[in-house]
Amino acid sequence: MCGILAIFSANGEAIGATNFQGSEHSLRELAYRQSGKQRHRGPDDTGVLVIEEQGVALVHERLAVIGVETGHQPLVSQDGNVALIANGEIYNYVELAEQIGKRLPGYRPRSDCNVIIELYEEHGQELLQHITGMFSFVLYDRRRRQLLVARDPYGIIPLYMGQDAQDNLWFSSEMKCLMGVCERLQIFPPGHLAAGTVLQIQPVRYHNPSWRQLTPTRPVNLQELRHQLELAVRSHLQCDVPFGALLSGGVDSSLIASIAAKIMRERDANYKLRTFSVGMPGSPDFEHARLVAQHIGSQHTEISFTVEDCLDGLRDLIYHLESYDIATVRCSLPMFYLARHVKSTGIKMILSGEGADEIFGGYLYFHKAPNYDQFHEEMVTICERLHVSDILRANKVTMSKGLELRVPFLDTQLVNHVMSIRPQDKIPGALNEFAGERKWRMEKFVLREAFDGDYLPDAVLWRQKEQFSDGVGYALIDALPEFAARHVTDAQLQAAEQRFSINPPKTKEAYYYRCIFEEQFPGKAAANTVAKWTPRQDWGCPEDPSGRAQAAHNQAYGKC
């Protein structure tokens, strides 16, 4: 995983010296300087390619994980015509390289992303029907003077696009690289591609599975579900550097760690997976993570933090997160603290359980879904908003420390399988009709049932859902509003709509985060890139996103 930045001249001709912040910059200087704002994403190497006569600049900040010695970018085709910068991992690159080798004898990709060039030369933009992984990339065909830009189906890898005052087109992994140069900003949407000349570029959807529009009717097959998750984890273990797994003690991260440990011991019977958990002293996550670590025989590390540790990093966090959403900020604070420690151990890639709640309907407010159709529609909605909430957090927080995070639950094949299961089998609460028997069942029941018996202790496999920021310690969730209240007056909050016309904050905590964001990313264009997430209030859910606020941490759990 890396950072990419691209600049394309509006007219396809050379871009002259640019006056930026009071001094003249060549195209190469400007591109290198702006990309430097995301150099934390790629601490191992910076690659720059400039095509002066066509006004094109490509910059790649590299975190070397696959093809460590050979994967320098930008990548260029054998004839020099096609150039590529890619951020992410192509998980089926080995199989694709074998297919390409039948057409090009002796072909050996320099890295997993190298196959994108050969697939483009053979299939054009249809290459996106052949690759699976997490990615965003910008490809330039200098002979045709056309570009191809794409982002993975669920937005695991971030990508922004913007235009400057001269209508030159910019792309970047992080918004901060476009600040100060682009007057117009937008998120490049997941599951979309844009192809053509600079003037023709318009994102269009390439990933459009049937479950986006139709409520599925296929009953769950527990054995096949288990098999699909095992396949997803196996594909995510391609790595040429030391790696580990996050272990919160919840069912999602615990399953990923357990499956990964089992697969790695197929290769080395004495293998010990490195696992990490984070929390405040006495947090409920620590106890359950220890149970899992002992069960799977991992080399486990607990990282403890205080409220003050998290509050100290709040401003830095919002800068890296590029968001002011309360739920996103809250959940990011412990991971921000954790990522730094994990990277200090020499690990460059970490596995995570992100994505399971979206595809299995695991959030506590799903207990309030009134019927099967609305339950499924809400899962589709939150899957399509992952890139502005949980996955945005997971990617940007870990990459702020040069640590790659992988999410097997969001493997494209697995998501399609799970989202094609009928909602009757997945819905939590009294509407569940698993195996034709209607009775109350807990969230993510089919996932737990599929792995019942061997991978995890029952105390973890059947543990109730916690919000990550709740599970690491309630004291932090209590301290954040109190801390914000010391910085925001009643009068300021009352005037919030006048100061912030876009997504006006409704609490002092939200107001405080918004002020920090505004200092670092001024202007309406930046504010518009942030989506606010709250549970479904039309289902009777309170706006506060914490698990406790959903009335699920008390004796009414089964009736929430």
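The values are calculated or read from the model by the stated rules, or taken from the named source; none is laboratory data. Please read these numbers as outputs of a predicted model, since none were measured by experiment. Cβ: placed from backbone, ideal geometry, glycine included. Neighbour counts: every protein chain shown. Heads up: the accessible areas ignore ligands, DNA and RNA and are worked out on the full protein's heavy atoms, side chains in. Shrake-Rupley method; radii C 1.70, N 1.55, O 1.52, S 1.80 Å.
Which of the listed residues, F434, Q200, V418, is farthest toward the dipole's positive end in the chain, when Lys, Arg count +1 and Asp, Glu count -1 at the beta-carbon?
Of F434, Q200, V418, it is F434.
Could you list which residues have their amide H under 5 Å from that of H192, counting only those 5 or more apart in sequence or on another chain, with H placed in the peptide plane?
R151, Y206
DSSP loop GluC sites (Glu not before Pro) in the range 56-131 with at most 16 other Cβ atoms within 10 Å of their Cβ, which ones?
Numbers: sites: E61, E69, E89, E95, E98, E118, E121, E122, E126; in loops: E69.
When the GluC sites (Glu not before Pro) of the range 56-131 are filtered for loop state and at most 16 Cβ neighbours within 10 Å, E69 remain.
Using the heavy atoms of the protein chains and a 1.4 angstrom probe, tell me the accessible area per residue for the range 299-362 in square angstrom.
Working: 1860 Å² over 64 residues.
For the range 299-362, the solvent-accessible area averages 29 Å² per residue.
About the Cα centre of the range 386-473, how large is the charge dipole given +1 on each Lys and Arg Cβ and -1 on each Asp and Glu Cβ? Please answer in debye to the nearest 20.
Details: 13 positive and 13 negative charges, 58 e Å.
That gives a dipole near 280 debye.
How many Å² of accessible area per residue for the range 2-208, probe 1.4 Å?
Working: 7870 Å² over 207 residues.
Result: 38 Å² per residue.
Amide H neighbours of Q146 under 5 Å, counting only residues 5+ apart in sequence or on other chains, H built in-plane at 1.01 Å?
D141
Could you work out how much longer the chain between R184 and E437 gets when fully extended? Use 0.36 nm per residue separation minus the Cα distance between them, nm to one decimal. Working shown, then result.
Details: separation 253, 0.36 × 253 = 91.08 nm, distance 5.35 nm.
Additional length available on full extension: 85.7 nm.
With the dipole of the chain worked out from charges on the C-beta (+1 for Lys and Arg, -1 for Asp and Glu) around the Cα centre, which of M399, Q125, P542 lies farthest toward the positive end?
With unit charges placed on the Cβ atoms, the residue in question is P542.
Kirkwood Rh over alpha-carbon pairs of the range 2-208, then Stokes-Einstein at 25 °C and 0.890 mPa s: what D in µm² s⁻¹, rounded to an integer? It would help to have the intermediate numbers written out before the result.
Values: Rh = 17.0 Å.
D, rounded to a whole number, is 145 µm²/s.
In Å and whole numbers, how far do the C-alpha atoms of the chain stretch along each principal axis, longest first?
That gives 69, 65, 46 Å along the principal axes, largest extent first.
Could you please state how large a percent of the accessible area of the chain is carbon and sulfur, counting protein chains only and using a 1.4 Å probe? Please list the in-between numbers first.
Details: 9940 of 21070 Å².
Percent of accessible area from carbon and sulfur atoms in the chain: 47.
Counting other Cβ atoms within 10 Å, keep those with at most 10, restrict to DSSP loop, and tell me which trypsin sites (Lys or Arg not before Pro) in the range 98-144 are left. Intermediate values should be presented prior to the final figure.
Values: sites: K102, R103, R110, R142, R143, R144; in loops: R110, R142, R143, R144.
In loop regions of the range 98-144 (DSSP not H, G, I, E or B), the sparsely surrounded trypsin sites (Lys or Arg not before Pro) are R143.
Would you kindly derive the ³J(HN,Hα) couplings of the range 193-207 from the backbone phi angles with the Karplus curve 6.51 cos²θ - 1.76 cosθ + 1.60 (θ = phi - 60°), listing them in order in whole Hz, with x for Gly and Pro?
Coupling constants for the range 193-207: 10, 9, 9, x, 6, 4, 6, 9, 4, 8, x, 10, 6, 10, 10 Hz.
The range 436-526: Rg/Rh from Cα coordinates, Kirkwood Rh? Display every interim value, and only then the final one.
On the way: Rg = 20.9 Å, Rh = 17.0 Å.
With Rh from the inverse mean 1/r over Cα pairs, Rg/Rh is 1.23.
In nm, give the distance between the simple-model label positions of Q464 and N416, each being 7 Å from the Cα along the Cα-to-Cβ direction.
Once both label points are built, they end up 3.8 nm from each other.
Quick check: pseudo-label points 7 Å beyond the Cα along Cα→Cβ at L231 and K102, how many nm apart are they?
A separation of 1.9 nm, rounded to one decimal place.
Suppose a student asked you for the relative contact order of the chain, using Cα pairs under 8 Å spaced at least 6 residues apart; what percent would you report?
Working: 1109 pairs, mean separation 77.6, N = 560.
It comes to 14 percent, rounded to a whole number.
Mind putting a number on the dipole of the chain about its Cα centre? Charges go on the C-beta only, +1 for Lys and Arg and -1 for Asp and Glu, and I need it in Debye to the nearest 20. Don't skip to the answer; put the middle values down first.
Values: 58 positive and 69 negative charges, 56 e Å.
So the dipole magnitude of the chain works out to roughly 260 debye.
Between Rg and the Kirkwood Rh of the range 338-387, both from Cα atoms, what is the Rg to Rh ratio?
1.22
Under unit Cβ charges (Lys, Arg +1; Asp, Glu -1), what dipole magnitude, rounded to 20 debye, does the range 2-208 have relative to its Cα centre?
On the way: 18 positive and 24 negative charges, 40 e Å.
Roughly 200 debye, rounded to the nearest 20.
Sorted by average packing, counted as other Cβ atoms within 10 angstrom per residue and highest first, what order do 80-86, 28-34, 339-345, 496-502 take?
Numbers: 80-86: 20.7, 28-34: 18.9, 339-345: 17.3, 496-502: 13.1.
Peptide ranking by packing, descending: 80-86, 28-34, 339-345, 496-502.
Considering only L169, H320, L273, whose Cα is most displaced toward the positive end of the charge dipole of the chain, charges sitting on Cβ of Lys, Arg (+1) and Asp, Glu (-1)?
Among L169, H320, L273, the one farthest towards the positive end of the dipole of the chain is L273.
Filter the trypsin sites (Lys or Arg not before Pro) in the range 269-307 down to the DSSP loop ones having no more than 16 other Cβ atoms within 10 Å, then list what survives. The partial results should precede the final answer.
Numbers: sites: K272, R274, R290; in loops: K272.
Loop-located and lightly packed - K272.
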